[in-house]
1. Using a 1.4 Å probe over the heavy atoms of the protein chains, calculate the carbon and sulfur portion of the accessible area of the chain as a whole percent.
2. Between the alpha-carbon centers of the range 114-139 and the range 51-85, tell me the distance in whole angstrom.
3. Given a 1.4 angstrom probe, what's the average accessible area per residue across the range 283-333, in square angstrom?
4. Let's see if you can work this out: charge +1 on each Lys and Arg Cβ, -1 on each Asp and Glu Cβ, no other charges. What is the dipole magnitude of the range 116-167 about its Cα centre, in debye to the nearest 20?
5. Please figure out what share of the DSSP beta bridges in the chain is antiparallel and state it in percent, rounded to the nearest 5.
6. Which of GLY175, ALA98, GLN251 sits closest to the plus end of the dipole of the chain, meaning its Cα is farthest towards the positive end, when Lys and Arg get +1 and Asp and Glu get -1 on the C-beta?
7. What net charge do the residues around GLU313 carry, taking every other residue with its C-beta under 12 Å from that of GLU313, with Lys and Arg at +1 and Asp and Glu at -1?
8. Give me a comma-separated list of calculated 3J(HN,Hα) values for the range 129-144, in order, Karplus coefficients 6.51, -1.76, 1.60 applied at θ = phi - 60°, integers in Hz, x for any Gly or Pro.
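The values are calculated or read from the model by the stated rules, or taken from the named source; none is laboratory data. No experiment lies behind these values; they were computed from the predicted model shown. For neighbour counting, all protein chains shown are included, and Cβ atoms are generated from backbone atoms with ideal geometry for every residue, glycine included. With ligands, DNA and RNA removed, areas are computed over all heavy atoms of the protein, side chains included. Shrake-Rupley method; radii C 1.70, N 1.55, O 1.52, S 1.80 Å.
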Amino acid sequence: MRKLSSLIAIMIALLLLISCNAGSDEPASDDSASDAPAASESTAEEKTMENLVVGYAQIGAESEWRTANTASIKETAEQLGVDLKFSDAQQKQENQIAAIRSYIAEGVDVIGFSPVVETGWETVLQEAKDAGIPVIMVDRRADVPRELYATYLGSDFVEEGRKAGNEMNNLLPDGGKIVELVGTVGSAPANDRYSGFREALADNIEIIDSQSGDFTRAGGKEVMEAFLKNYGDEIVGLYAHNDDMAIGAIQAIEEFGLQPGVDIKIVSIDAVRGAFEAMIDGKLNVTVECNPLLGPQFYELALRAVNGEELPEWVPSEESIYYPDNASELLPERQY
Ligand code: GZL
């Protein structure tokens, strides 16, 4: 009996000894290590590209630029292994809002969208915030409080407008009357390219008319036909908010019997392949780049947002200006 009780006492002592030692592996310190969660504590699962679920509400397919932008979002998702749910709103805000609501219902990790116009987004973005889903604005920005989006990834449209204004000044040093094809009414690129252009334009150049062609070739052609009917050869310059409208206008100018790029100097924005072809043909004088290949930056920002990182309010894209003199050399390497 005595042997058993001493055996039990020895076992208790051993157990006490083991449990005391277990706590001594970690050297006590006042550095962050002692704050680090111990192996046994659970940490939220870090998202990776391979298990990231993204909902993207795209505007539509209104231009070459948009087509290239969509390709970048889709192809990059495939390359990274991201689970992408994608929708095309046919340029209707109500369709974009419905798509964002469907992504909230699905419980995606992050939502990306390019707001077709600047206003009307606060309610649905608040719903995404309440659901704990970060939202990234891509390409265009919406006019909403800062706390409703993780970041804005896109161009400086005002600067694009300033660049276009300076190029028009260079093309018309003696001044003259010009017309303007505006992008989608209420959209950030249209509003900002409108104001940036006027900031830079020389006093001897007069904008005698300005109408929206909704960023499409058909819209640009139709509005330019009306301009030519009303003003004819008074017009010596055209500022188009995107290349698609400029290309449509070029057709109208030729049908009217004038030489685009010669009788009417043309400055446009986007730098899509069609613009390079028009510059090679001598029908377009300048295109200011607006980079649509935003897929890689978008997913990198999406992963950082999902994993809880605070992002800058705006991540601007890098852009240049292109001219006819080296358009044929550059065309083969253009990605859009
Ligand atoms: C600009 C983008 C514009 C393009 C157009 O970032 O939103 O929309 O300039 C496109 O070509 O339709």
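1. Numbers: 8290 of 16030 Å².
Answer for the chain: carbon and sulfur cover 52 percent of the accessible area.
2. First find each Cα centre; the distance between them is then 17 Å.
3. Working: 2430 Å² over 51 residues.
Accessible area per residue, the range 283-333: 48 Å².
4. Working: 6 positive and 11 negative charges, 18 e Å.
Roughly 80 debye, rounded to the nearest 20.
5. On the way: 2 of 41 bridges.
Counting DSSP beta bridges with both partners in the chain, the antiparallel share is about 5 percent.
6. ALA98
7. Charge balance near GLU313 sits at 0.
8. With coefficients 6.51, -1.76 and 1.60, one gets 5, 4, 8, x, 9, x, 10, 10, 8, 10, 6, 9, 10, 9, 8, 9 Hz.
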